[in-house]
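A quick write-up on the structure given underneath.
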Amino acid sequence: MRNSLWRLLLGRLLFGVPTLWVVITVAFLLVRLAPGGPFDAEQRLPPAVKANLDRTFGLDRPLVEQYQRYLGRVLHGDLGPSLRLRDRRVIDLVREGLPVSLTLGGLALVLALLVGISGGLLAAVRRGRAADRVLAGVSVLAVALPPYVTAPLLVWIFAVYLGWLPVAGWTAGRWLDLVLPVVALALPTAGSLLRIVRASALDVLASPAIQAARARGLSATRILWAHVLPPTLSPVLASLGGAAAGLLGGSLVIESVFGLPGMGRFLVEGALNRDYTLVLGKVLVYAVLVLVLNLGADLGALLLDPRLDRRGAPR
Amino acid sequence: MSRLLRIRLTLALFGLLLVAALVGPALSPWSVAALDWDHPAVAPTWQAGHWLGTDTLGRDVLVRSLAGLRVSLSIALLASAIGLLLGGATGALAGSVGGFVDGLLMRIVDVGYALPVVLVALLLTVVLGRGASTLLVAAGTVGWLSTARMVRAETQRLALAPYVLAARLIGVAPVRLFWRHVLPNLIGPVLVQATLTVPSLVVLESFLSFLGLGVQEPNASLGNLLHDGAREMERAPWLLLAPAVLLVSVVGALTVLGESVRDEIAHAD
Amino acid sequence: MQTEQAPLTLQGFGLRYGSDVVLAQIDLQVRAGEVVALVGASGAGKTSLLHAVLGLSPAGACAEGGLWIHGVDRAQATEAEWARLRGRVLGLIPQDPLTALPAHRRVDGLLDEVLRRHQPTLDRRARRAAQARLLQQVGLDSALRQRYPHALSGGQGQRVLVALALAGDPAILIADEPTSALDAVAARALLGLLAQEAHARGRAVLLVSHDLAASAAVADRVAVLAAGRLVEVGPAAAVMCQPVHPYVQALVAARPPLLPPRPRRLALAPTAAPCAQPRHGCAFAATCVQADGRCVEQVPAWRTVAGRQVTCHHAGEGA
């Protein structure tokens, strides 16, 4: 097992580095080849000022040289200065926003997994009964309702009407601030995971292995945890990449609805007013996050299904 | 509820929504951008003729919601059509040619998977500015990835199917083999994929429009209607309700439809 | 009768799904120390019978008549009692090790799990010893216990399934087509193992199979099931060499031509299929040349002919 674990890690690393390079390059070219620049926005700047700005940020150099410089900087962990936010470096913005976004996204992912897996299992075990029907309806709603609709709704109910939780805001260390954003962000992912788990668990429950386990007289709880759950989780792991993408998109919205100082901050504005370095830098960080999560999913799959481990094959 | 009944019901619901979105706005005396200064922000009422009320500028919510549904659906359908064609072609090519071509195409797909579609849309906004076309390109560039993977796997599986082997043994040429024996069997799974892609693209559209990157005022889409509705939720909840119900119905109907058809195919034998 | 009851006793047992009669009038006993082969074509009701005996019939199934497992009456058994029977009194050997063994569990984990459930007093070391003993009992090297199912051959996997069924030391072993995934040599060895469990350890073994010849080779008695009813029950040698019921004659004649001579004239073509679950009359009334009005109207009752039980109106007429 350990052997193939290392092989997987190495393979992912060997694949991840060129992937990131391709992402940087394509993103860089896309952004730079677009007509217009960061400094020809609303009010016309005097040509001398603009030239000065371009020189400061190296925008007057040939594209290839800009590209080389950017790549070199990224390798040293520097994502360059923000072109629009004065005196801010992108890496500092990332450093500020990442903990907030990771907390939000991580908690939402954990919540979505807990709710999705337990709900999906419950629906499958209670197939066709009241609990199954209710969960089926709720999960469709959760999938279809985007977080920016549920978020204000939740705020209105729990913060304005009941007054239990804060409306918005972020104070480090105040966990109550996190409840509503995390729940709103987790809902759609939880809904889709629930549907995946239900379908998968139904297939597993109908398999001869489960019948055999029943015939062996094992207890219902033992069968559920040790025989039904692990094979049910394989498709969940496969969908984790998609779930992460969904959470990421959702986190941009949630951060803006609740005014959280996360990674999404300045990102949309940056895209609209051509803050190249800011957009590139943050997109790059997000890509790394997605790759890391996919690696985690692969490791999980290896643990759940020993058939993927080539070493155990019959000799 | 039996699976077949569920398929029929969701299909009927989707058909109803589609017809309403297509002809609904034309039947109303109001138009998408028409301002009714006498009735700004009125609640749903029969008297003024605004069955679902008006927004703060006096525009009819029913008409705007249906028109928004039309815009959202058009974008989603078009984008998933692009995705299906591009992904289908790539997947079929990779799956049937194999070797170097396969490896190259699939690595491209792998790289694409590292970039969530929202980020692609953000990048493209820098290049193309904001608007429906950016949305379309973003959804198209990312939507083909999963189709490509699925079609490739399916093509490889079909290439080993006994009847394809039999056809090969009697000397059917590769091109004809693909055309007559593999392609027809790809249509089913691809259609299912499409039914599941469209709702996710409707949600994506609403996401990006909500962030201000998609469809722009005065045009309506479910996304920017929901954006306005969420802002006015306490004063004028009907602004949020109408587009939210439409979004939930269309996404819910297509999701359940796609899943039911997929299960029906999977458990047919 | 109740005092000397066999571990597995069915008396007038039947099973319905709504209005579909799947099994009717099943009379069968499996005694301690004997192997009874339950033979029938697919769709005859073998699997339904097996599930009913394990108390695992799908929802919507309606059982009637008598079924006693180790003296426990089906009609009075609660789900908790069934749960106590499974594994400890009833052992199931499933059909295909590939699908019946969970891919994510090692052999030792699976064995340990069953031992913990049925022999809770054993400590860790005792369970390890029990594992080794079980593996040895089914003829497996105990080094195999560190393997995952995909790393076992078909025969090894099937033996692991036997070991799992034996872990609770059940009085009754039910084998569901245990050889269908195996090659001929491995199949024969496995059947030998089952016979040994019956003869040497006194278990009642019910061997469910569609292969009459192969199962008759190890079985003490053979029961032939057709269209949800038993048509002939008797000693294996008698049923194989001189089948009485036309369907069984056809079944015996259909196997590869070796050993005992075929009957000259058959009442049923070897390919004749029974009509699916008739409400009344004999299932073969439409295809049997001996059929007359009685066969169409009356369900044939048990008759004793040449040392076995047969359900055919014409049984014993020719002899």
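Towards the positive end of the charge dipole of region A:96-272, with charges on Cβ (+1 Lys, Arg; -1 Asp, Glu), say which of A:LEU98, A:PRO261, A:LEU121 has the farthest Cα.
Sorting the options by dipole projection puts first A:LEU121.
Quick check: the angle from helix A:130-144's long axis to the longest principal axis of chain A, C-alpha only, nearest 10 degrees?
In chain A, helix A:130-144 runs at an angle near 10 degrees to the longest axis.
Find the centroid of the Cα atoms in region B:151-226 and in region B:76-146, then give the distance between the two in whole Å.
So the separation of the two Cα centres works out to 12 Å.
What 222 nm value per residue comes from the helices of the protein assembly as shown, counting each DSSP H run with n ≥ 4 as -39,500 (n - 2.57) and dividing by all residues, nearest 500 deg cm²/dmol?
The helix-only estimate for the protein assembly as shown comes to -18500 deg cm²/dmol at 222 nm.
Between 0 and 90 degrees, rounded to the nearest ten: what's the tilt of helix C:154-166 against the longest Cα principal axis of chain C?
Helix C:154-166 and the main axis of chain C meet at about 80 degrees.
Report the extension gain between A:ASP87 and A:LEU114 in nm, rounded to one decimal, defined as 0.36 nm multiplied by the number of residues separating them, less their alpha carbon distance.
Full extension of this stretch gives 5.5 nm more.
Given the peptides B:103-112, B:191-200, A:5-14, arrange them by the average over their residues of other C-beta atoms within 10 Å, most packed first.
In descending order of packing, they fall as B:191-200, B:103-112, A:5-14.
Nothing charged except the Cβ atoms of Lys and Arg (+1) and of Asp and Glu (-1): what's the magnitude of the dipole of region A:96-272 about its Cα centre? Round to the nearest 20 debye.
Around 900 debye, computed over region A:96-272.
Given Cβ point charges of +1 (Lys, Arg) and -1 (Asp, Glu) and nothing else, what value in debye, to the nearest 20, does the dipole of the protein assembly as shown about its Cα centre take?
The dipole of the protein assembly as shown has a size of about 2120 debye.
Enumerate the amide H contacts of C:LEU8 below 5 Å, restricted to partners 5 or more residues apart or on another chain; note that Pro and chain-start residues carry no placed amide H.
C:VAL30, C:HIS70
Once the Cα atoms of helix A:63-75 and of chain A are each reduced to a long axis, what angle between those two axes, in degrees from 0 to 90 to the nearest 10, is obtained?
Between the helix axis and the principal axis of chain A, the angle is about 50 degrees.
What average count of beta carbons from other chains do you get within 10 Å of the Cβ of residues in C:239-249?
0
Mind ordering B:82-91, C:139-148, A:192-201, B:221-230 by average Cβ neighbours within 10 Å, highest first?
B:221-230, A:192-201, B:82-91, C:139-148
Can you list residues from other chains, or at least 5 along the same chain, whose modelled amide H is less than 5 Å from the amide H of C:GLN298?
Amide H to amide H, under 5 Å and 5 or more residues apart or across chains, C:GLN298 pairs with C:GLY281, C:CYS282.
Pick out, from C:SER19, C:THR304, C:THR179, the residue whose Cα sits farthest towards the positive end of the charge dipole of chain C, with +1 on the Cβ of Lys and Arg and -1 on the Cβ of Asp and Glu.
Working it through, the farthest residue towards the positive pole turns out to be C:THR179.
If you take the square roots of the eigenvalues of the alpha-carbon gyration tensor of chain A and sort them as a ≥ b ≥ c, do you get rounded (a/c under 1.5), prolate (a/b over b/c) or oblate?
Taking the square roots of the gyration eigenvalues as a ≥ b ≥ c, chain A is oblate.
Could you work out the mean count of beta carbons from other protein chains within 10 Å of each residue's beta carbon in B:107-114?
Average neighbour count from other chains, rounded to a whole number: 6.
How do the peptides A:274-283, B:137-146 rank, highest first, by the average count of neighbouring beta carbon atoms within 10 Å per residue?
Per-residue mean Cβ counts within 10 Å order the peptides as A:274-283, B:137-146.
Is there a quick way to get the dipole size of region C:150-267? I mean about its Cα centre, with the Cβ of Lys and Arg at +1 and of Asp and Glu at -1; what is the value in debye to the nearest 20?
Rounded to the nearest 20 debye, it is 420 debye.
Mind checking the mean number of beta-carbon atoms from other chains within 10 Å of the Cβ atoms in C:95-105?
That average works out to 6.
Quick one: C:LEU23, B:LEU5, A:LEU229, fewest Cβ neighbours within 10 Å first, how do they rank?
B:LEU5, A:LEU229, C:LEU23
Read the figures in this text as sums done on the coordinates, not as results from a lab. All values reported here derive from a predicted model rather than from experimental measurement. Counting neighbours? That spans all protein chains shown, and the Cβs are built from the backbone with ideal geometry, glycine included.
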